[in-house]
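A.B. asks: My questions all concern the structure below.
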Amino acid sequence: MRELEKHMLLKDKTVIVTGGSRGIGRAVAVACAQHGANVVVSHHSHADETIADIQALGRGVVAVKGDVADPQTAQLLVQAAVENFGGVDVLVSNAGICPFHGFLDMPLETFQRTMEVNLHGAFYVTQAVANRMKDQGRGGAIIAISSISALVGGEYQTHYTPTKAGVHSLMQSTAIALGKYGIRCNSVMPGTILTDINKDDLSDPEKVAYFNKRIPLGRMGQPEDIGGAVVFLASDMAAYVTGASLLVDGGLFVNLQ
Ligand SMILES: NC(=O)C1=CN([C@@H]2O[C@H](COP(=O)(O)OP(=O)(O)OC[C@H]3O[C@@H](n4cnc5c(N)ncnc54)[C@H](O)[C@@H]3O)[C@@H](O)[C@H]2O)C=CC1
Ligand SMILES: C[C@H](O)[C@@H]1OC(=O)[C@H](O)[C@@H]1O
């Protein structure tokens, strides 16, 4: 056991993960627990699988139900971290939606909801956690799950890609605002990762074949591919990394031809 613990990068840290019920958020929550962290998971419906995964690892886990678009949810998450684990060391702002839709007839409510969940939600939780970290006086790490879509567009993602550029920009500016408190802020930019968010979009075999061909590593990503990047940025291994972004896309972005 002691031997294993030597390799744990987040031993006894407390991590908040928004949207931790499934997909990337669940994999990130589990990766943090594998590295010794206790986890507060925010979820919109239920988080039973994530809770079971983390309990099986012998780490603490608490689930908080709420909509990240509601600023109150951010306060409840911090409160849960403080009451159950005595504070918060790491935030992973991950919750997000991508209801694919064309641009010219984009329903106003689809645009507004995507902004409110992906961008406003990231702002609320980052601000609430940063205030707690400042009061604790021991620094911290904040990681936003941005996207390769912060750098490139998508015909059916005109409401979505600006939110991913936005959360990356949020991390750049908060890195400046919070550096004096020892709080590091970075973003992870996943490429195409197989989760519920793109299940319908990737039901077309031709599109799947296109992606697999275009990605130098020859496959789309799995949620677990994102966990390691987040753990690294959350840990002291990244003690001098702030305001940065880490593309985790199998090489998709650089492959023009
Ligand atoms: N799957 C992909 O290819 C990529 C995903 N991302 C980003 O990764 C993040 C996670 O997405 P996936 O795991 O792929 O999707 P997913 O659909 O599997 O998971 C989304 C998570 O966010 C939660 N969520 C959604 N709306 C919420 C709300 N209003 N309040 C609280 N929680 C809410 C869901 O309950 C779920 O836990 C998103 O921010 C997405 O933009 C970024 C790049 C690529
Ligand atoms: C949901 C999409 O498949 C996914 O979301 C992103 O952010 C990626 O760029 C993919 O387009």
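A.B. asks: Cross-link partners among lysines for K134, C-alpha distance below 17 Å, same-chain residues fewer than 8 apart left out?
C.D. replies: Filter leaves K13, K180.
A.B. asks: Cβ neighbours within 10 Å, averaged per peptide: list 183-190, 116-123 in order, most packed at the top.
C.D. replies: 183-190, 116-123
A.B. asks: Now a separate question. Gap in Å between the Cα centre of segment 5-82 and the Cα centre of segment 126-150?
C.D. replies: Measuring centre to centre over Cα atoms gives 15 Å.
A.B. asks: Within segment 180-247, which chymotrypsin sites (Phe, Trp or Tyr not before Pro) sit in a loop by DSSP and count at most 11 neighbouring Cβ atoms inside 10 Å?
C.D. replies: Y240
A.B. asks: So, one more: Reachable lysines from K207, Cα under 28 Å, same-chain residues fewer than 8 places away excluded?
C.D. replies: Candidates past the 8-residue exclusion: K164, K199.
Here, each number is a calculation from the coordinates, and none is a lab measurement. None of these values were measured; they are calculated from a predicted model. All Cβ positions, even for glycine, are placed from backbone atoms using ideal geometry, and neighbour counts span all protein chains on display.
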